[in-house]
Ligand SMILES: NC(=O)c1ccc[n+]([C@@H]2O[C@H](COP(=O)([O-])OP(=O)(O)OC[C@H]3O[C@@H](n4cnc5c(N)ncnc54)[C@H](OP(=O)(O)O)[C@@H]3O)[C@@H](O)[C@H]2O)c1
């Protein structure tokens, strides 16, 4: 039995962060399985191109709803915009994300706050908008796209990692609360994935420091995520290699782990303007 509600002409899968990368791949994965999808991000042109592609490739309806999720007014309008299309949200995928890299004290405070607002506040807001109706119908599915970085603190990703840790803790608790109501919740925690993320957020040493076997394509991650949501997997790390690395990390004392991760990233590219090292 799958926890994913069956496709229905009155229902949709709302996917945020769908204009590129993992969100676009999840949209294709869902459309390929016969689901209508409503795609959300700021770049309308990319959303419309994806909608047209899904119509062409899979014969599925996909609507583009451009929205800046950092804008509370635009976010608040989303449920009404979906409703006015005559659709109810059976599946919610919260995938929109941004992430800075660097020493917290050297990063722009406003951009750090935006990460918290996008990946914590907006994710909770969207779950608040759609989860109660799913629970009342006793059917629905929610995927929160977090990150392996949320599973342990990573120097250089203080705010990003903490925002992802929030999504993981929030999603795990939701999963426990909602499984009795017939609603699946999966937190997807990928390792490094080849997407526009690095172009959009500035160069990050993980691009050089992470060995090739750790990298996945957005398509692999999307398939694993949707399969995992169908099984109501609580937390899903889609890469076996990355899972093994996390398991080794759990054996180390936190102090050593932080030192090792900082050294790997620092040694690969980041040097402080003050010339200091992570340790
Ligand atoms: N790539 C990785 O290595 C990796 C690893 C683990 C987890 N993740 C997570 O996976 C998710 C998707 O990332 P990705 O790798 O696919 O990167 P991406 O290609 O840069 O996608 C990020 C998406 O978020 C959207 N977004 C950003 N700010 C937004 C805003 N204010 N309002 C609405 N949408 C916004 C972007 O669309 P617009 O710019 O059009 O708004 C885009 O669709 C993120 O949550 C990321 O943290 C990525």
_Where labels lie 7 Å past Cα in the beta-carbon direction, separation of residue 208 and residue 256 in nm_ = 2.8 nm
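What list do you get for 30, 174 if you sort them by fewest beta carbons within 10 Å?
In increasing order of surrounding Cβ atoms, one gets 174, 30.
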_If neighbour count is taken as other Cβ atoms inside 10 Å, put 38, 241, 195 in order from fewest to most._
241, 195, 38
*Can you sort 185, 264, 89 by how many other beta carbons sit within 10 Å, fewest first?*
264, 89, 185
*In degrees between 0 and 90, to the nearest 10, how far off the longest principal axis of the chain does helix 240-251 point, with axes built from Cα atoms?*
50 degrees
_Förster radius 41 Å - calculated FRET efficiency between residue 8 and residue 111, Cβ distance, rounded to 0.05_ = 0.55
*asked:* Using only Cα atoms and rounding to the nearest 10 degrees, what angle (0 to 90) does helix 218-230 make with the longest principal axis of the chain?
replied: 60 degrees
_Restricting to Cα pairs below 8 Å that are 6+ residues apart, what does the relative contact order work out to for the stretch 149-278? Please round to a whole percent._
27 percent
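Can you compute the equivalent ellipsoid semi-axes for the chain, i.e. the square root of 5 times each eigenvalue of the Cα gyration tensor, sorted largest first and rounded to whole Å? Each step should come with its number before you reach the end.
On the way: eigenvalues 207, 77, 61 Å².
Equivalent ellipsoid of the chain: 32, 20, 18 Å, largest first.
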*Rounded to the nearest 500, what is the chain's calculated 222 nm mean residue ellipticity when only DSSP H runs of at least 4 contribute -39500 (n - 2.57) each, over all residues?*
-15000 deg cm²/dmol
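Since every read-out is calculated from the coordinates, none of them should be taken as a lab result. Here the structure is a predicted model, which is why all the values come from computation and not from measurement. Reconstructed Cβ throughout: ideal geometry from the backbone, glycine too, with neighbour counts over all protein chains shown.
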